[in-house]
1. Under unit Cβ charges (Lys, Arg +1; Asp, Glu -1), what dipole magnitude, rounded to 20 debye, does the range 306-408 have relative to its Cα centre?
2. Only Lys, Arg, Asp and Glu count, each charged at its Cβ (+1, +1, -1, -1), so figure out the dipole size of the chain about its Cα centre, rounded to 20 debye.
3. According to a simple spin-label model (label point 7 Å from Cα along Cα-to-Cβ), what is the distance in nm between S275 and T5?
4. Using the Cα gyration tensor of the chain, with a ≥ b ≥ c the square roots of its eigenvalues, what is the shape: rounded (a/c below 1.5), prolate (a/b larger than b/c) or oblate (neither)?
5. Determine, from the Cβ-Cβ distance of N74 and Q606 and an R0 of 60 Å, the FRET efficiency 1/(1 + (r/R0)^6), rounded to the nearest 0.05.
6. Of K52/K366; K94/K366; K123/K420; K195/K672; K211/K415; K123/K415, which ones are farther than 31 Å apart at the Cα?
7. What does the C-alpha gyration tensor say about the overall shape of the range 311-434? Classify as rounded when a/c is under 1.5, otherwise prolate if a/b is larger than b/c, or oblate.
8. So how far, in whole Å, is the C-alpha centre of the range 510-554 from the one of the range 144-190?
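Any read-out appearing in this document is the output of simple, stated calculations on the displayed coordinates, not a laboratory observation. Predicted, not measured: the structure shown is a model, and the values here were computed from it. FYI the Cβ positions are ideal-geometry reconstructions off the backbone, even for glycines, and counts take in every protein chain you see.
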Amino acid sequence: HWIQTMKIDYIKTICPYCGCGCGLILEVADGIIVNTRQDMDHPVSKGHLCMKGWNAHEFVHHPKRLTSPLLKINNQFQKISWDEAITLAMEKFKAAADTHGPDAVAGLSSARCSNEENYLFQKLIRAGFHTNNVDHCARLCHGPTAAAMTRALGSGAMTNSIDDFAGADCIIMFGSNAAETHPIIMGQIYEACAKGATLIVVDPRTTEPAKNAKFHLPVNFGADIPLINGMMRHILDCGLEDRSFVSQRTEGFEAMEQALELWPMERAAQISGISPEKIAQVAECYARAQNASIVFCMGITQHTCGTANVHAVCNLAMLCGQLGRPFTGINPLRGQNNVQGACDMGALPDFLPGYQGVTSPDVRSKFQAAWGTPLPVTPGLTVTEMTAGAGETVRALYIMAENPMMSDPDIHSVKNRLGKLDFLMVQDIFMTETARLADLVLPGACFAEKTGTFTSTERRVQLLRKAVSPPGEAMDDFSILCCLGKELGLDFNYTDPGQVMDEIAGLTPIYGGIGFSRLAPHGLQWPCVSQDDPGTPYLHHQTFSRGRGLFVVPDYTPPMEIPDPDYPFTLVTGRIFCHYHTGTMTRRSPTLSQESSTPFVQIHPQDAQVSGIVQGDGVRVSTRRGSIVLSARLTRDVKPGSLFVPFHFAEAPANALTHEALDPVSKIPEFKACAARLEREDKY
Ligand code: SF4
């Protein structure tokens, strides 16, 4: 009755969860969001949302939201004023820099914050503290994508648009369970299948896409390079390569062709675990397709050979000329709503905004002139290097809306290291597992409480519109950053995020034509270089962003930790449909929590039987890093000898088990394979 008598405002905005960037409408009554509904006109979601989107408002007014700055005194948090918090924060960071040098300060920016906030964050760290120690969780998902695709093609982003999937006649999904992680994109892929496209899924697990695919290739863990090399060798043996594309558009092919001599079908099949017949069939299917598209995700990137894996994917697409046209391309699916934007904005230790390298004197002079201060020359530390150096090289750490105590590998070690810092400041909307370790906690705002832009996985920059105010004394992150910048003496006198976007456009060629006034109704896809540029639905038409596409011979290395008699299983971590990343938001949503409230491990029935485990039993999963107790879920969706644990549950954190083995190029940890042990837990 109350809702029926209230005036309802309808605020069009963007989903706060995955990188699909679906449009949604928040229904607001008397300052409270009472419902979420779909945006019928949105060009990507077209009136659809997944379960997370439909319930996007449910955590916003949660009673446990942070409402004032909190200072830890004698191990207890006490409320302090914003003035005290801002002064104290900057005193502590300046003290660390003065005593130990600028690189003693580091910052983790956030894929959940807007482009404008990410831009200000990296500007604060670079111009305010003169260090490039700024990174964010893209390191833990698509670090290899950025490294390899930038090297091979000149751009680390999805080459095509989400709409393109529906027009492809062959789609290969490598290590992506988009049905759970990017449901709206999966809808487009199924639309293509309904029109006759062939779906090929490469995944050790029998996921929903795998069950619906024409070909499911349950590749051995970490063996994507042998599989792809086997496919390429077969394509060459059959003369199915696109010779004119290779000769006119690429370089480095001779070395690649030579390297493929070492990958006869028998070797590829033996290491990948896929039969020669199946490798040949899918290779021919991809090469013969008029328009073939590749989708990939964490199954490719989260390996110690992650960067090499992405190079292998790029090699395959270039060999067959499946790039630079609609309905084709290489399409890394970005996991978080603004992980693309956070990268675009230079929340990376080696790039200023727009992927302009920090080591380039010309780039530095441009930003120095605009920001009025000298900028650091040396690339900074990555996420994993920051936590590894905490308390030693890194003395003061600012974490904005990230939760490494859930997202980083080997969290026992992360906790130990964060505890050694001189000063840890966390800005978030809830008291997260990481915020609990902080010296100072600043209350930020969520997606519904701010104005700005997010950039989706298809490079679409979209407007985020404020629907309600943050609770209590909490402030939007843009305002907090402005206060911190001014306290440091920087010119952070911005009055609204649109001014920040204008500054971004002036310094960042790929965003050169983007301004708030051009983003209604449904955004622009970068590169958008001038005011009359309509944006770019697909990249690399006629020429690659780097000129010629580069074949890079990928070195195959097996996972760093393989099963042995003490730890006989391969453990894989990942996401599930109704939860999002570290669970900060979805686990506080009643509807989503009800859908899946208990941590679980997927076990093959054969393995369960050997260990005397039945459905719903408590089990202990252990690795050399730690052990967790959770509920057994028996399914043939995992291979015998493997276990799958979602990483959303703080009460049984999957990352207590994972290890810190890193890809040497991108520094991504190997979340997709480590050795584990399984035991029945009687006291569950
Ligand atoms: Fe939100 Fe992604 Fe679901 Fe779309 S697919 S509603 S962006 S979580």
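1. On the way: 5 positive and 7 negative charges, 63 e Å.
The dipole magnitude comes to about 300 debye.
2. Working: 58 positive and 71 negative charges, 125 e Å.
With Lys and Arg at +1 and Asp and Glu at -1, about 600 debye.
3. Result for the modelled spin labels: 7.0 nm.
4. Details: a/c = 1.43, a/b = 1.24, b/c = 1.16.
Rounded shape, in that the Cα axes give a/c under 1.5.
5. Working: r = 53 Å, r/R0 = 0.89.
After rounding to 0.05, the efficiency reads 0.65.
6. Numbers: K52/K366 41 Å; K94/K366 26 Å; K123/K420 26 Å; K195/K672 33 Å; K211/K415 39 Å; K123/K415 28 Å.
Violating the 31 Å Cα-Cα cut-off are K52/K366; K195/K672; K211/K415.
7. Details: a/c = 2.21, a/b = 1.37, b/c = 1.62.
Since a/c reaches 1.5 but b/c is at least a/b, the shape of the range 311-434 is classed as oblate.
8. 16
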